[in-house]
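Chemist: A single structure is presented below for examination.
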Amino acid sequence: MPADRDPPVLEVEGLSIAVHGDHGPVPVVHDVGFTVGRGRTLGLLGASGSGKTLTSWAILRLPDQDQRVTVRVLRLQGRDLLTMSQRELDRVRGRDIALVQQDPNAALNPYLSVGTQLCEGLRLHRGLSAREAEVRAVSVLHELGVAAAVERMRSYPHELSGGTRQRMALAMALLMEPALLWADEPTTALDPTTQAQVLAALRARQRATGMAIVFVTHDLGVLAQVADDVVVLHEGRVVEAAPVEQLFRAPQHAFTRQLLACLPDRTEASDV
Ligand SMILES: Nc1ncnc2c1ncn2[C@@H]1O[C@H](COP(=O)(O)OP(=O)(O)O)[C@@H](O)[C@H]1O
Ligand SMILES: [Mg+2]
């Protein structure tokens, strides 16, 4: 376990976001904050439209011109992301933070085989040979339950199912061995069995590397399998933050209780 003096992997305080409306800026995310430690998974839970994706983009400092973002504190491993130059930020995003977006097509180039894309980063940034990179990529695909991984590497994105594409995007992020994996609903296109396998693989990787994970989801069942701590976002505000067992045992906010009431007979977080 990390020494107490290690800074958290991610610290966010006072994040607010407004989008442009017909009559001026419309605030949609209000004073959001949380902290994620090394080797920990934070579940960011919220219904559709609660501001999860906007929050993801703001934290990675990728907002488009349509948004106004203000934030008091934004630090990665103690480093202030707010005062970093564009060049330093690009390096951080290429190496220390990996983002898996809701839409896997955002991460995949349609004109290159997925194998080429999976190996590219390893060759460029880690100096591996083509052969070494391929071995490592295939091994991550196996962990994620991709069948016939060696053949799949030769496929182009459009030849793959949505679920396989999603796992390719996740594999690409994991191969970077980031300090922080930010995953925005990365398992929505997967069937429940594959989803459970992917979540278990994420946990195993995390144990091996100590990466911190922010797992964005609207799905309490997924959260129970993956999160240590949970932040509940409702209409752009944090309404509850608690360790996952506590959230399931004694939800404080009406919105969280409402979500729990929709779950099939399940009162305990499963320990995967
Ligand atoms: N570029 C944008 N312009 C205007 N409104 C937006 C934009 N992006 C998101 N919104 C609105 O902000 C709210 C939060 O969106 P989002 O972060 O995508 O929610 P989630 O990911 O939780 O489903 C929604 O009401 C959405 O309609
Ligand atoms: Mg979203």
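Read-outs throughout are calculated quantities, based only on the coordinates presented, and are distinct from any laboratory measurement. Small disclaimer: the values here were computed from a predicted structure and weren't measured. Every residue, glycine as well, gets a Cβ built from its backbone with ideal geometry; the counts of neighbours run over all protein chains shown.
Chemist: Once phi is turned into θ = phi - 60°, what whole-Hz ³J(HN,Hα) does the Karplus curve with 6.51, -1.76 and 1.60 give for every residue of region 149-156, x standing for Gly and Pro?
Modeler: In residue order, the calculated couplings are 4, 5, 5, 4, 4, 7, 6, 9 Hz.
Chemist: I need the phi-derived Karplus couplings for region 98-110: 6.51 cos²θ - 1.76 cosθ + 1.60, θ = phi - 60°, integer Hz, Gly and Pro marked x.
Modeler: Couplings: 10, 10, 10, 8, 3, 9, x, 4, 4, 9, 10, 7, x Hz.
Chemist: I need the shape label for region 8-58. Rule: rounded when a/c is under 1.5, else prolate if a/b > b/c, else oblate, with a, b, c from the alpha carbon gyration tensor.
Modeler: On the way: a/c = 3.42, a/b = 2.08, b/c = 1.64.
Judged from the Cα gyration tensor, region 8-58 comes out prolate (a/c at least 1.5, a/b above b/c).
Chemist: Same structure, new question: Go ahead and collect, in residue order, the members of region 34-75 whose backbone nitrogen is under 15 Å from a label point 7 Å along the Cα-Cβ direction of HIS20.
Modeler: 63-69
Chemist: Using the Cα atoms of region 66-135, I'd like the radius of gyration and the largest Cα-Cα distance, Dmax, both in angstrom.
Modeler: 15.7, 45
Chemist: If you project the alpha carbons of the chain onto their three principal axes, what span does each projection cover, largest first, in Å?
Modeler: 51, 48, 46
Chemist: Quick one: what are the phi-derived ³J(HN,Hα) couplings along region 72-77, Karplus 6.51/-1.76/1.60 with θ = phi - 60°, whole Hz, x for glycine and proline?
Modeler: Going residue by residue, I get 7, 9, 8, 10, 10, 6 Hz, with x marking Gly and Pro.
Chemist: Here's a follow-up. Near the amide H of MET211, under 5 Å away, which other amide H atoms are found, from residues 5 or more places off or on another chain, if H is placed in the peptide plane?
Modeler: GLY39
Chemist: Turning to a different aspect of this structure: Rounded, prolate or oblate: which one fits region 21-155, using the alpha carbon gyration tensor with axes a ≥ b ≥ c (rounded when a/c is under 1.5, else prolate when a/b beats b/c, else oblate)?
Modeler: Here region 21-155 falls in the prolate category.
Chemist: Principal axis lengths of region 165-272 from Cα atoms, whole Å, largest first?
Modeler: Principal axes ranked by extent give 39, 26, 24 Å for the Cα atoms.
Chemist: Sticking with this one: Taking a temperature of 4 °C and a viscosity of 1.567 mPa s, what whole-number D in µm²/s does Stokes-Einstein yield for region 186-229 with Rh from Kirkwood over alpha carbon pairs?
Modeler: Once the numbers are plugged in, D ends up at 119 µm²/s.
Chemist: For GLU245 and ARG72 in the same chain, what is the full-extension length gain: residue separation times 0.36 nm, less their Cα-Cα distance, in nm?
Modeler: 59.3 nm
Chemist: Using modelled amide H (1.01 Å from N, peptide plane; none on Pro or chain starts), what sits under 5 Å from the amide H of ASN109, excluding residues fewer than 5 places away?
Modeler: It is none; the list stays empty.
Chemist: With the alpha-carbon atoms as the only input, what is the per residue convex hull volume for region 78-119 in Å³? Don't skip to the answer; put the middle values down first.
Modeler: Values: hull volume 4.3 nm³, N = 42.
Expressed per residue, the convex hull around the Cα atoms of region 78-119 is 104 Å³.
Chemist: When the chain is treated as a GNM, springs tying every alpha-carbon pair under 10 Å, which of ALA98, ALA107, ALA208 comes out with the largest mean-square fluctuation?
Modeler: ALA208
Chemist: Quick one: net charge around SER50, please, counting Lys, Arg +1 and Asp, Glu -1 for every other residue with C-beta under 15 Å from its C-beta.
Modeler: Result for the local shell: -4.
Chemist: Net charge near HIS30, counting Lys/Arg +1 and Asp/Glu -1 over other residues with Cβ under 14 Å of its Cβ?
Modeler: Numbers: positive: LYS52, ARG68, ARG72, ARG237; negative: GLU13, ASP31, GLU235.
That sum, taken over residues with Cβ under 14 Å, equals +1.
Chemist: Continuing with the same structure: Tell me, in nm to one decimal, what length is gained between ALA47 and ARG131 on full extension, where the rule is 0.36 nm per residue of separation less the Cα-Cα distance?
Modeler: Residue separation times 0.36 nm, minus the Cα-Cα distance, leaves 25.9 nm.
Chemist: Express the relative contact order of the chain as a whole percentage, based on alpha carbon pairs under 8 Å and six or more residues apart in sequence. Let's see the in-between values first.
Modeler: Numbers: 475 pairs, mean separation 69.3, N = 272.
That works out to 25 percent.
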